[in-house]
1. Just checking, how many residues over segment 42-100 are crowded, with 19+ Cβ neighbours inside 10 Å, modelled with pLDDT under 80 and not in a helix (DSSP H, G or I)?
2. Return the total of residues in segment 338-374 being surrounded by 18 or more Cβ atoms within 10 Å (Cβ to Cβ) and among the hydroxyl-bearing types (S, T, Y).
3. Quick one: R139 ticks every box in (1) open to solvent by less than 10 Å² (accessible area, probe 1.4 Å); (2) more than 21 Å from the chain's Cα centre (by Cα); (3) of a type outside the set (F, W, Y) bar one, so which box is it?
4. Which condition breaks for V163 when tested against (1) under 30 Å from A43 (Cβ atoms); (2) modelled with pLDDT of 80 or more; (3) surrounded by fewer than 19 Cβ atoms within 10 Å (Cβ to Cβ); (4) among the hydrophobic types (A, V, I, L, M, F, W, C)?
5. Tell me which residues, restricted to segment 305-337, are closer than 18 Å to F150 by Cβ, open to solvent by 50 Å² or more (accessible area, probe 1.4 Å) and touching a Gly at 6+ places or on another chain (Cβ under 9 Å).
6. Working only within segment 187-208, note down all residues that are modelled with pLDDT under 75 and of a type in the set (G, A, S).
7. For segment 87-107, what are the residues that are small (G, A, S) and over 22 Å from G75 (Cα atoms)?
8. Do we have A110 as open to solvent by 10 Å² or more (accessible area, probe 1.4 Å) and more than 30 Å from V336 (Cα to Cα) here?
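The values are calculated or read from the model by the stated rules, or taken from the named source; none is laboratory data. From a predicted model like this one, the values you see are computed outputs, not experimental measurements. Glycine also receives a Cβ, built like all others from the backbone with ideal geometry; neighbour counts cover every protein chain displayed. Areas reflect the complete protein model, heavy atoms only, side chains present, ligands, DNA and RNA absent. Shrake-Rupley method; radii C 1.70, N 1.55, O 1.52, S 1.80 Å.
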Amino acid sequence: MTTTTTSPRTGARAWLGLLVLALATLLLAVDNTVLMLALPHLAADLNPSATELLWITDVYGFMIAGFIITMGSIGDRIGRRRLLLIGAAAFAAASLVAAYSTTTVMLIGARVLLGIAGATIGPSALALVAGLFADARRRALAIGVFTACFMGGAAAGPVIGGVLLEHFWWGSVFLMGVPIMVAVLVGGLVLLPETRAEGSGRLDLASVAMSLAAILPLVHGLKELADDPGQPVAYAALGVGLAFGWAFVRRQRRLAEPLVDLRLFGDRSFSAALLILALAMVLQGGVYLFVSQHLQLVEGLSPLAAGLWMAVPALGLVAGSLAAPLVAGVFRPGLVVGAGLVMSAAGFAVVVAGDGLGTLIAGVTIAFLGMAPVGALGLGLIVGAAPPERSGSASAMAECGGELGIALGIALLGSVGTAVYGGTVTSPHAGGSLGEALTAAAALPPGQAADLVAEAQAAFTQGLLVVTALSGVLMLGLAVTAMTLLRHLRPIGGDR
């Protein structure tokens, strides 16, 4: 099996192609978080139920996670550029539908289509980035730029949403995607080469169904577990997902043309980078959850102000993503990733030892700066270790690992924080979370309410500190893992 390319690009053309792909990735990340501030506005207009509001919020991410493996494999078969352009057109159309939705069902349907379209863009874009640059160092820098756009876009979402809502209606947060995806369509046709795997067999529909039956319950179960660790439905969903995942793996081993080529895990660089990326996302997802809640529920910031503060650590991720490939051209990637994770642990130590908003943001910024090489270099190692005909599948596995890692981190570390909260509070009105305590306080006399809020906020802060300290210790262990499993890799551009 070989990979064909219609017209390889080099030089300025390749960097312009990267700009097109980065633009698409930026929009995907923005669309994942831009809805946060628009929810009260669309709720007042469409009057959704609590369950419908959750679907509006969550279904986009669910669809991306569920379809990303399938779309990576489809891109390998029909062409990554073709799938990217189909996805961009579908994303623009779905954005229009979402912007002008007149019912809740219409909006949920549009969000479903946006998620499926987003799943076609992510792995195709990453595979095309890797294919645009034959030189290892330039490819690493390009993937660093790609990663920086994704990280920066996620942080910019609430800020962009806030600015749009100051001047326009809630549909504007979706409408902005239309001109961006039109630009991606035009730029992609002109600047991007087509790559595909020749001789690929037909798509195994049973594998597609099994992958959806594995990933969607896993993501749903992890999310429910984060909301309430005592929910039986969460564990049932996890059990269903794991069972289908086991069946999926068994089927892939038997197929001549599997949806996921498990032989990729035989490459040490691939499996090690994927493991480290997923585990790092576990810690990043959990810490991000607690810090964003702390800013709003303890510091009393508005969602927009909290988003602006969280943009500072995101800038650390962006800076680290851009710098990591340059440093890895001089030092071994395993050392760069490991040293970054040690820095991340130091940042978490600053949070634990410090006091106040400034120290919190400074520590998290240091921690996220140290985590950046995991994404910037890890994605490159994963895609680079796969044969060219499997680059779409490898990209999809990398992005799926990151998605599941973040969901797992929110669930596991969220459970740790909830346990600390429950073991710290003594008031019968404190409930199981700070949010419940604040709701209860609204119905109490002023003096009792103030005492309850102070106690609950202190308990939540204690949970944040425990989660942060645990993350710091785990980061040190992950640093040792990176330096051990990736020690065989030479500096980027050198011989492996």
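1. 1
2. Result for segment 338-374: 2.
3. Just one mismatch for R139, condition (1).
4. Every condition holds for V163 apart from (2).
5. Passing the criteria: L315, L322.
6. Within segment 187-208, A197, G199, S200, G201 qualify.
7. The answer is S95, A98, A99, S101.
8. Spelling it out, it is not the case that A110 is open to solvent by 10 Å² or more (accessible area, probe 1.4 Å) and more than 30 Å from V336 (Cα to Cα).
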